[in-house]
Amino acid sequence: MNIFRRLYEPEYLLRDSQRTKHPLPSTKELYGRVFKIAWPSLTESFLLAVISMVDTIMVSALGTYAISAVGLTTQPRMIVISMFAAMGVGVTAVCARRLGQRNQESAQKCLRQCLLIEFLASLVICTVMWFITKPLLLFAGAQPDTIGPATDYYRIILLGMPANIITITINAAQRGVGNTKVTMRTNIIANVVNVIFNYLLIEGNLGFPRLEVAGAAIATSLGYTVAMVVAIISVLKPDCYVHINLKKSFLPDRETMQSVFKVSSSACLEQIFLRVGFFLFAKIVATLGTVDFATHQIGLNVLHISFSFGDGLAVAASALIGRSLGERRPDMAVIYGKACQRLGLIFSGFIILVCLTLRRPIVMIFTNDPVILEKGGNILLFVAVITMMQISAAILSGALRSAGDTLYVSFMSMLAIGIMRPTLSWFLCNYLDLGLYGAWMGIASDQVLRLVMLYTRFSRGKWTKIEV
């Protein structure tokens with residue numbers, strides 16, 4: 001009982017130097033507030049991960065080449081998304097602060113201006129990426145049997161990307177003000193559409209044409225479009241805190257954009273390091289061959305499910321910490337961050353148990369290839385080891401970003417993901433001849449470094465004094 005109290009009760013989550021004269025909530029009140037915001041985010045992130053896995057399973061029916069072809073586009077696709085997700089971090093942080101400051105007009109202005117900027121930029125970037133798709137995928141490690149379907153898949157995805165960018169921006173504002181149910185509903189509806197059209201278009205069911213990998217891409221782009229429509233409807237409602245009044249100006253002003261860019265500029269730097277690191281890492285794994293890359297994609301799908309819990313709790317931490325700092329309550333910001341991390345430990349324990357006991361059945365969902373079954377089962381042992389570190393790191397990253405400490409998170413990403421993961425993985429895969437296992441050792445090492453750096457930064461508490 002004493003161990004539970006020291007781990008989870010609010011009074012034990014603060015050091016003496018962090019205490020204030022303000023009363024603290026009870027344990028029930030604290031976790032009630034966290035769950036109120038976290039459960040829609042957790043549900044959303046988990047279902048998105050599951051649907052992503054279902055997406056891979058449906059494509060895998062076409063063969064190993066299809067898993068690899070779709071997997072090859074992941075990092076090039078994320079290069080596009082990350083450019084705009086960085087501004088989304090700024091939108092979330094600013095809207096959360098303005099909610100705490102009771103400044104609704106400023107939050108609405110932030111969303112209007114960022115929507116215009118992100119939409120116009122997405123049109124330009126997606127056009128450029130369209131023309132360099134094939135050389136980009138060849139550089140990513142595409143093989144002769146995957147370059148054709150991978151190119152078709154990526155270009156169709158680019159057509160729906162501007163709609164996805166609009167959704168990302170609106171959802172970032174909604175999360176900042178705690179409207180996580182809205183973002184959950186948006187993404188669930190979009191992904192249900194994705195799965196339905198996967199069924200219809202990949203293998204040509206119910207009279208629809210058989211489009212194989214291209215059908216999966218069309219389904220994804222349709223999902224993006226539906227998500228955009230749902231997201232726009234949510235902010236056109238007058239009772240929405242970040243309501244968009246179409247009669248008001250969307251043109252950027254200096255004061256608003258300075259607040260956003262103060263957070264998002266460092267977040268953009270972080271995303272550059274992340275994408276370069278992930279891209280180089282994916283290229284290293286792709287050179288191991290189609291079978292190993294397909295096995296790797298299965299492992300990543302399972303790892304993504306574990307990450308979904310950390311991501312969901314990170315959304316709750318971002319909203320609650322940003323609001324607390326806006327209300328000049330740094331003590332509550334620390335408490336919310338630690339409370340989310342404690343919940344993350346519970347979820348990670350459950351995932352570890354599942355990975356250890358159901359390794360082979362999980363891989364069999366994707367394929368019956370004996371080579372992939374053996375290697376995939378071993379990769380899930382790595383997932384079990386990594387998951388606790390990954391969930392904690394995701395929550396701590398969200399906490400620091402919401403406070404505006406994105407420069408440090410960027411520096412951490414550069415060291416751990418931009419440098420350590422690809423370099424160590426390349427050495428283990430090639431010089432020590434550990435193959436796919438060497439690549440996953442690189443992931444585990446990267447997670448250790450990230451967790452140590454983020455936990456140290458969070459514990460020192462300097463992030464609570466940053467102004468946004």
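The values are calculated or read from the model by the stated rules, or taken from the named source; none is laboratory data. This structure is a prediction, so every number in the text was calculated from the model and none was measured. Heads up, the Cβs are rebuilt from the backbone with ideal geometry, glycines too, and the neighbour counts pull from every protein chain shown.
Here are some notes:
- Filter result for residue 112 (out of contact with any strand residue (DSSP E or B) (no Cβ under 9 Å at 6 or more places or on another chain), of a type in the set (D, E, K, R), at pLDDT below 85 and in a helix (DSSP H, G or I)): no
- Residue 394 without any contact (Cβ under 8 Å) to a residue 40 or more places away in the chain and either of a type in the set (Val, Ile, Thr) or closer than 22 Å to residue 45 by Cα (or both): no
- Looking only at residues of the stretch 420-451 that are hydrophobic (A, V, I, L, M, F, W, C) and under 20 Å from the mean Cα position of the chain (by Cα), we find that the one that is farthest from residue 176 (Cα to Cα) is 440.
- Any hit, the stretch 70-92, residues being at positive phi, outside any helix (DSSP H, G or I) and modelled with pLDDT of 75 or more: no
- Test: residue in the stretch 123-142 that is under 30 Å from residue 318 (Cβ atoms), free of Cβ contacts under 8 Å to residues at least 40 places away in the same chain, part of a helix (DSSP H, G or I) and under 24 Å from the mean Cα position of the chain (by Cα): yes
- The condition of being in contact with a helix residue (DSSP H, G or I) (Cβ under 9 Å, 6 or more places away or on another chain) and more than 29 Å from residue 319 (Cα to Cα) holds for only one of 423, 406, that being 423.
- Count of the stretch 185-196 residues which are crowded, with 21+ Cβ neighbours inside 10 Å and under 20 Å from residue 77 (Cα atoms): 4
- Filter result for residue 172 (farther than 30 Å from residue 243 by Cα and buried (at least 22 other Cβ atoms within 10 Å of the Cβ)): no
- Scope the stretch 4-45; condition over 12 Å from residue 331 (Cα atoms), at pLDDT 75 or above and among the aliphatic types (A, V, I, L, M); matching residues: 30, 34, 37, 38, 42
- Members of the stretch 143-157 that are part of a helix (DSSP H, G or I) and buried (at least 23 other Cβ atoms within 10 Å of the Cβ): 149, 150, 153, 154, 157
- Taking the listed residues 250, 347, 278, 273, the one that is part of a loop (DSSP other than H, G, I, E, B), touching a residue at least 12 places away in the same chain (Cβ under 8 Å), surrounded by fewer than 23 Cβ atoms within 10 Å (Cβ to Cβ) and of a type in the set (Phe, Trp, Tyr) is 250, with no other qualifying.
- Taking each residue of the stretch 17-42 that is over 17 Å from residue 313 (Cα atoms) and looking for partners that are surrounded by 16 or more Cβ atoms within 10 Å (Cβ to Cβ) and at pLDDT 80 or above with beta-carbon atoms closer than 6 Å, six or more apart or interchain, yields 18/331; 18/334; 20/331.
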